[in-house]
Amino acid sequence: MTIYLARHGQTAYNAIGRFQGQLDVPLDETGLLQAKELAVKVADLGLVALWSSPLARARQTAEAVSAHIGLPVQFDDRLKETDTGIWTDRLVADFATQDPDGYQGWISGAADFGFEGGETFAEQSDRVLAALTEIEQGPRPALVVCHGMSMRLALARRAADRFSTSAGIPNTAVIEFPSADPATAG
């Protein structure tokens, strides 16, 4: 049975290109509408479990799904977005000009890249994949509402592939998470 990953709805930070990291940034008006649209979109997936990062933007998105399909939301801290350290609350464009080497590390998606004062992609992917592996042991199909980088890292790790952080995942996109055992996928 399947696990679906969904990115949270839009925030004001998404709209202007500002690092949110693990700040508790809520959805903006567009994001609230997107969350309701996501709830309708996933209603026919036969979901039996609903998981979410506890950060406000993911929580609000999951709560919209919960209200529409009647499943309680289960929260897991390991699904949180990247700890962006000193770049939290700062513009991505400033990162590109003020720390070009760091910016290239972020774009490359290298496992050893980490924001100063934050975490590495390897650390984040370890915690996110640990959460998803546990969720796979529970009832499915399940929806996991989390964050763009959390999704990209988990997908890249499961596919044993490199990725580029510049290839973003749109707000409220739903992506099937590949099963660890292809024989049980479906």
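The values are calculated or read from the model by the stated rules, or taken from the named source; none is laboratory data. This one's a predicted model, so the numbers in the text were calculated from it and none came from an experiment. Cβ atoms come from the backbone with ideal geometry, glycine included; neighbour counts cover every protein chain shown.
Some values worked out for this structure:
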item: Tally of residues being assigned to a loop (DSSP other than H, G, I, E, B) and either under 14 Å from Leu79 (Cβ atoms) or at pLDDT 95 or above (or both) across the stretch 145-169; result: 1
item: Single match in Glu119, Glu123, Glu29, Glu134 (criterion: at pLDDT 95 or above, over 20 Å from Val174 (Cβ atoms) and over 18 Å from the mean Cα position of the chain (by Cα)); result: Glu29
item: Criterion: of a type in the set (D, E, K, R), in contact (Cβ under 8 Å) with a residue 24 or more places away in the chain, outside any helix (DSSP H, G or I) and within 17 Å of Ala58 (Cα to Cα) - qualifying residue of Glu116, Glu81; result: Glu81
item: Condition broken by Ala142, with the remaining ones in (1) surrounded by fewer than 16 Cβ atoms within 10 Å (Cβ to Cβ); (2) more than 22 Å from Asp24 (Cα to Cα); (3) among the aliphatic types (A, V, I, L, M); (4) modelled with pLDDT of 95 or more satisfied; result: (1)
item: From Trp51, Trp106, residue being modelled with pLDDT under 95, of a type in the set (A, V, I, L, M, F, W, C) and buried (at least 16 other Cβ atoms within 10 Å of the Cβ); result: Trp106
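Quick grid of which residues meet (1) farther than 21 Å from Ile16 by Cβ; (2) of a type in the set (Phe, Trp, Tyr); (3) surrounded by 14 or more Cβ atoms within 10 Å (Cβ to Cβ); (4) free of Cβ contacts under 8 Å to residues at least 12 places away in the same chain:
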site: Gly85; (1), (2), (3), (4): no, no, yes, no
site: Asp89; (1), (2), (3), (4): no, no, no, no
site: Ala93; (1), (2), (3), (4): no, no, no, no
site: Thr97; (1), (2), (3), (4): no, no, no, yes
site: Ala122; (1), (2), (3), (4): yes, no, yes, yes
site: Ala131; (1), (2), (3), (4): yes, no, yes, no
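Quick grid of which residues meet (1) within 22 Å of Val65 (Cβ to Cβ); (2) out of contact with any strand residue (DSSP E or B) (no Cβ under 8 Å at 6 or more places or on another chain):
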| site | (1), (2) |
| --- | --- |
| Glu81 | yes, no |
| Arg90 | no, no |
| Asp94 | no, yes |
| Gln104 | no, yes |
| Gly117 | no, yes |
| Gln124 | no, yes |
| Val128 | yes, no |
| Glu134 | yes, yes |
